[in-house]
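A short write-up of the structure that comes next.
The values are calculated or read from the model by the stated rules, or taken from the named source; none is laboratory data. Computed from a predicted structure; not experimentally measured. Backbone-built Cβ (ideal geometry, glycine too); neighbour counts: all protein chains shown.
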Amino acid sequence: MTIGCILIPRFALLAAVGGRREMLAGPVALAPEPGREQAVGEASGAAEAFGIRPGMPVSEALGRCPQLALRPPDPGRTASGWERILRRLESIGAAVESNRAGEAFFAVDGLSGIWGPRREDVLARAGRAVGTPARIAGAPTRFCARAAATMARSRGRGRAAPIRVVAAGGEREFLAPLPVDLLDCALRDRMAPPGRDDPAAGRLVAALERLGVRTLGDLAGLPRIAIADRFGALGLRAHDLARGLDTPLRPRTPHEDLVQAIGLPEAACGPQLERALDLLIERLLGDPRRQGRAIRALSVEARLAGGGSWSATAVLRSASASPERLRLAVAPKLGKLAAPATALALRAVDTTAAAGSQPTLDGNPRDRRRERLTEAVRQVRVAAGRDAVLRVLDVDPGSRVPERWATLAPYNGPGDSDEPGHDRRGGR
Amino acid sequence: MSRPTNPYAPRAITVATVGGRPRRIAGRAVEAVRDQWLVEDRWWTAAPLRRHYLEVVLAGGRCLVVYRDVATGRWYEQR
């Protein structure tokens, strides 16, 4: 089996600088996200030349390079830009796994029948699908493919660098001369929950280098029991990777991009932001692409008035299509917003199959009324269109300008709620 | 069907005035002006908002809130 790797180094930094790529010629790094650990993010090549690495404390980074420019991160643009690239890969039939923006893996073999008998042809087709300069390589394991892509030259925009495919059985030999710091990213992704880095990975790599274990070949040659004794489970994982062993791919399920966004004419915070969130939840639940599916995880993204953006993910204990439960999960995240927002977006990160309704034998009058109301709404929509039933949602009732008092949102009906009889907040 | 998004969106209306005071609104005579006020907002942006609001009573007894956009001079009805 051959696994293809598409690697776009410093993807988050590229998203943060937008069209000003010339900035990357100088020392620039991502500033810490508001409310997070005071450490720099991805750094440009010029910054790395000063010894600046992602995760380094800001004070240390500025100490090493006083002229370092810190750019506010833009997680919203990063996520949406990377999602577009993943969709382009999926459009050629690739089942894609991606744990961080800028890195995608997919099985090449299944695509050979479509895009050419040679694995290089498939990888070249994937490179064209990505549509932006990227490093591309193939190998029998995910880690080996990433290592090969790290060493590859960027392809795209007229550049046609050769694609390296590591042959089956040759992964250990290929990895042997490579430095152990390649393990850093792989271990961070595998040992930590999505979106969070595990600092233990960085400590392991630093400890290996201090002990004189500089290449993956050095690490692979150490006795396994000694690795387990000194570094525990993380060390054993690193040992496996260095020997060319890796876990199988876990591609994501292709899904509709369920996202709703709203622009806030004036930078908003507090109650105004919560009302905007209510509106986004209603719109998300009323989106016909949802097709009755319940939502398991949501991501809320805000564009900040001072530049940059902010995002947070909320995972529900059980999938739900109840606006109250979605609001309970997401609203507390808005409290961590460090600056007023000029735009707010809500994205369904994970959805489940359509939620079935279990009728009861001894339905009470309230349930029967809800069912009749749901049916009435459905019939009105069939007769007069989807927008025939709307509800008024308060936005800024205290405003001096009446059109800011409220807006109309899709009425999702009482059947969408899994809390029978619960009145909708803010409805009129 | 285009989807309405705002129940309070202003609607353009025809107003006949005498000396700046509304006399007829959409063909109906104005019986009285009950109240009037000025709203100035967003003056700190590139799209400032200046409206002269009037709450009027029409000949049929209907109450109506209209405003004149000070910048353009156009009249609008607003619930």
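Report yes if residue B:20 is more than 30 Å from residue A:410 (Cα to Cα) and at pLDDT below 90, otherwise no. Outline the logic, then answer.
Numbers: more than 30 Å from residue A:410 (Cα to Cα): yes; at pLDDT below 90: yes.
In short, yes.
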- Flag if residue A:59 is surrounded by 16 or more Cβ atoms within 10 Å (Cβ to Cβ) and among the polar types (S, T, N, Q): no
- Total residues in segment B:26-60, condition within 14 Å of another protein chain (Cβ to nearest Cβ) and of a type outside the set (A, V, I, L, M, F, W, C): 10
- Message: Given the criteria outside any loop (DSSP other than H, G, I, E, B) and at pLDDT 85 or above, does residue A:79 qualify?
- Response: no
- Item | Out of A:321, A:314, A:294, sole residue that is in contact with a helix residue (DSSP H, G or I) (Cβ under 6 Å, 6 or more places away or on another chain), buried (at least 16 other Cβ atoms within 10 Å of the Cβ) and over 21 Å from residue A:272 (Cα atoms) | A:321
- Task: Could you list, in sequence order, all residues of segment A:382-407 that are under 35 Å from the mean Cα position of the chain (by Cα), of a type outside the set (Val, Ile, Thr) and surrounded by 16 or more Cβ atoms within 10 Å (Cβ to Cβ)?
- Result: A:387, A:390, A:391, A:393, A:394, A:396, A:404, A:405, A:406
- Checklist (1) closer than 29 Å to residue A:390 by Cβ; (2) more than 14 Å from chain A (Cβ to nearest Cβ) applied to residue B:23, failing item: (1)
- Does any residue of segment A:161-168 turn out to be farther than 24 Å from residue A:124 by Cβ, surrounded by fewer than 17 Cβ atoms within 10 Å (Cβ to Cβ) and modelled with pLDDT of 80 or more? no
- With A:391, A:428, A:381, A:370 as the choices, which residue is touching an Asp or Glu at 6+ places or on another chain (Cβ under 9 Å), assigned to a helix (DSSP H, G or I) and either modelled with pLDDT of 70 or more or over 19 Å from residue A:326 (Cβ atoms) (or both)? A:381
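Name the residue that is nearest to residue A:249 (Cα to Cα), counting only residues in segment A:157-176 that are in contact with a helix residue (DSSP H, G or I) (Cβ under 6 Å, 6 or more places away or on another chain) and free of Cβ contacts under 8 Å to residues at least 60 places away in the same chain.
Taking the candidates together, the pick is A:166.
Can you tell which of A:104, A:137, A:95 is under 17 Å from the mean Cα position of the chain (by Cα) and either within 19 Å of residue A:171 (Cα to Cα) or crowded, with 18+ Cβ neighbours inside 10 Å (or both)?
A:104
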- Within segment A:385-403, the residues that are without any contact (Cβ under 8 Å) to a residue 60 or more places away in the chain and within 10 Å of chain B (Cβ to nearest Cβ) are A:385, A:387, A:388, A:390, A:392, A:399, A:400, A:401, A:402, A:403
- Query: Inside segment A:65-90, can you point out the residues that are closer than 20 Å to residue A:122 by Cα and more than 11 Å from the chain's Cα centre (by Cα)?
  - Reply: A:84, A:85, A:87, A:88, A:89, A:90
- Considering only residues that are under 15 Å from the mean Cα position of the chain (by Cα) and hydrophobic (A, V, I, L, M, F, W, C), look in segment B:4-20 and name the one that is nearest to the other protein chains (Cβ to nearest Cβ). B:9
- Message: I need a count of the residues in segment A:50-89 that are within 23 Å of residue A:182 (Cα to Cα) and acidic (Asp, Glu).
- Response: 1
- Determine, yes or no, whether residue A:274 is among the charged types (D, E, K, R) and out of contact with any strand residue (DSSP E or B) (no Cβ under 7 Å at 6 or more places or on another chain). yes
- Can you find even one residue in segment A:264-273 that is of a type in the set (D, E, K, R) and either within 30 Å of residue A:95 (Cβ to Cβ) or away from every other protein chain (no Cβ under 14 Å) (or both)? no
